[in-house]
Amino acid sequence: MSIQGLRSAVHGVVLLPGDDGFEQAARPWNLAISQSVAAVVEVADDFDVAVALEHARQTGRRVVTQPTGHGATGDIDDAILIRTGRLDGIEIDAERRVARVGTGAQWGRVQAAAAAHGLAGRSGSNPVVGITGYTLGGGFGWFARKYGWASDAVRAFEIVDADGRRARITGESDSELFWALRGGGGDFGVVTALEFDLVELPRLYGGRVMWPAERTRAVFELFTELTADAPNELSVWLQRYQIPGLAPSVAIDFAYLGDPEEGRARTARLDAIDGVLADTRGELTPAQIGKITAEPTDPTPSLSRGELLTDLGDAVVKTLIEAPVAPLINIQIRGLGGALAETRADGGARGPITEPYALYLLGPGLPPLADGARARFAEIVDDLGAHITGSKPYTFLAPGESAAAAFDPATLDRLRAIKRARDPHNVIRANFPVLG
């Protein structure tokens, strides 16, 4: 089948270089990333996925699936890019507390549908992030300390495998592939739908309190106090900002999964620091959880770096708290622990994180500012030394990094063996392939 033949073979839309709309369809969410793909297939069903895979097998190309493109790396020249935005159906079984969603669904819509029944999924902080990539990489956000990885909630994956066969993968039907899909990335099949458990969560309390940069040390000390004795229902993140055109600032973001009055009591120490610039604390529904960090919901150019911290000792303070944020935009420290540190006998490839904190650095993505951000990333990593482990969550990987950083050697070997067995011709390529 020629690449032109894809047009008449699928039910959806095929866009080729030069077509109106091709550049926009090929563009990932991060505008700093360029994707030189051979075609974009906006699939209408799993039949279209099978056709795209057949074309790739015949022509020696690879297939890359990006519902939203949040995890794009740009290393997909001449690939067939599958967009699954049309596969965005959402079904909520309130009685069983289970959701079945199409692979193109985004977390904001799913949380809104579940919240109507007093339920929630284990989403992240941004409502426009796609469920599939987030979950295949493990997925952790405000719900993780209490309930664990998003991938551990999955009951079934509906996939099209590298040979074009459609299957429903569960722990009973295919335990090895089910294990790999729960946190091992997107290398093992093209997911067309997921079925996962929801949690009962009719109420929660959270928000952001922001101060001028002069309060950074006091805010940091409060952050360490809050995370040291936080119950699993409470997640706390420290944010330092240097947004171009604005004065530097520092903030604490948090979510308490439970009664708002209890949440207020648990976080009352936030009132001890004066000079507040903004305070968004209040009762939220799970559908409103994106309001806490108010992250951009439109594409933007950026660079990022994620690490796991062993402690918040003097070297960390000097590097992350006392030094200026610029030329970066944001330095974020997340309190981890809770269910994220627990080993599950029935868990997937995404095992526990034992480090107590995660670090996320964000910088501008376009030259010449991007060069300064990259240099600052390197300086921070060098200065932190042994206070970072080199391991990181799969969803924290950035372009140029390898999936090997997200898994211990035994897990990586097992994932690679599954990849070789299930996709021997390496037709399917994840953003961060286990064989790459």
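The values are calculated or read from the model by the stated rules, or taken from the named source; none is laboratory data. Note that the structure is a prediction, hence the values are computed from the model and not measured. Using ideal geometry, Cβ is built from the backbone for each residue, glycine included, and neighbour counts are taken over all protein chains shown.
Report yes if Gly74 is outside the structural domain of Thr297 (by TED's automatic domain parsing), assigned to a loop (DSSP other than H, G, I, E, B), within 30 Å of Arg305 (Cα to Cα) and not charged (D, E, K, R), otherwise no. Spelling it out, Gly74 is indeed outside the structural domain of Thr297 (by TED's automatic domain parsing), assigned to a loop (DSSP other than H, G, I, E, B), within 30 Å of Arg305 (Cα to Cα) and not charged (D, E, K, R). Say whether the condition of being under 18 Å from the mean Cα position of the chain (by Cα), closer than 30 Å to Ile243 by Cβ and free of Cβ contacts under 8 Å to residues at least 24 places away in the same chain is met by at least one residue in the range 395-406. Yes, the range 395-406 contains a residue that is under 18 Å from the mean Cα position of the chain (by Cα), closer than 30 Å to Ile243 by Cβ and free of Cβ contacts under 8 Å to residues at least 24 places away in the same chain. Residue selection: Gly124 satisfies the criterion of being within 26 Å of Gly436 (Cβ to Cβ), modelled with pLDDT under 95 and either surrounded by fewer than 24 Cβ atoms within 10 Å (Cβ to Cβ) or not acidic (Asp, Glu) (or both). Scanning the range 290-317 for residues that are farther than 21 Å from Gly365 by Cβ and either assigned to a loop (DSSP other than H, G, I, E, B) or in contact (Cβ under 8 Å) with a residue 40 or more places away in the chain (or both) yields Gly290, Lys291, Ile292, Leu308, Leu309, Thr310, Asp311, Leu312, Gly313, Ala315, Val316, Val317. Taken over the range 133-167, the criterion of being in contact with a Leu (Cβ under 6 Å, 6 or more places away or on another chain), surrounded by fewer than 24 Cβ atoms within 10 Å (Cβ to Cβ) and without any contact (Cβ under 8 Å) to a residue 40 or more places away in the chain is satisfied by no residue. Residues that are of a type in the set (D, E, K, R) and closer than 30 Å to Ile273 by Cβ number at least 3 in the following helices (runs of 4 or more DSSP H) confined to the range 129-230: 216-228.
The set of residues in the range 263-283 being part of a strand (DSSP E or B) and touching a helix residue (DSSP H, G or I) at 6+ places or on another chain (Cβ under 7 Å) consists of Glu283 alone. The residue list Ala9, Ala39 contains one member that is over 17 Å from Thr84 (Cβ atoms) and touching a helix residue (DSSP H, G or I) at 6+ places or on another chain (Cβ under 7 Å), which is Ala9. In a strand (DSSP E or B), within 22 Å of Gly183 (Cβ to Cβ) and touching a Leu at 6+ places or on another chain (Cβ under 7 Å): does that describe Val40? For Val40, the condition - in a strand (DSSP E or B), within 22 Å of Gly183 (Cβ to Cβ) and touching a Leu at 6+ places or on another chain (Cβ under 7 Å) - is not met. Given Gly385, Gly347, Gly351, which one is out of contact with any Asp or Glu (no Cβ under 8 Å at 6 or more places or on another chain) and either among the aromatic types (Phe, Trp, Tyr) or in the same structural domain as Leu312 (by TED's automatic domain parsing) (or both)? Being out of contact with any Asp or Glu (no Cβ under 8 Å at 6 or more places or on another chain) and either among the aromatic types (Phe, Trp, Tyr) or in the same structural domain as Leu312 (by TED's automatic domain parsing) (or both) holds for just one of Gly385, Gly347, Gly351, which is Gly385.
Under the condition of being assigned to a loop (DSSP other than H, G, I, E, B) and touching a residue at least 40 places away in the same chain (Cβ under 8 Å), which residue from the range 90-116 is surrounded by the most Cβ atoms within 10 Å (Cβ to Cβ)? Residue satisfying both the conditions and the ranking: Thr103. Any idea which residue in the range 1-29 is surrounded by the fewest Cβ atoms within 10 Å (Cβ to Cβ), counting only those that are outside any loop (DSSP other than H, G, I, E, B) and of a type outside the set (A, V, I, L, M, F, W, C)? Per the criteria, the residue is Ser8. Screening the range 46-64 for residues that are out of contact with any helix residue (DSSP H, G or I) (no Cβ under 8 Å at 6 or more places or on another chain) and touching a residue at least 60 places away in the same chain (Cβ under 8 Å) and picking the one that is surrounded by the most Cβ atoms within 10 Å (Cβ to Cβ) gives Val49. In the range 318-338, is there at least one residue being part of a strand (DSSP E or B), under 20 Å from Lys146 (Cα atoms) and not charged (D, E, K, R)? Checking the range 318-338: at least one residue is part of a strand (DSSP E or B), under 20 Å from Lys146 (Cα atoms) and not charged (D, E, K, R).
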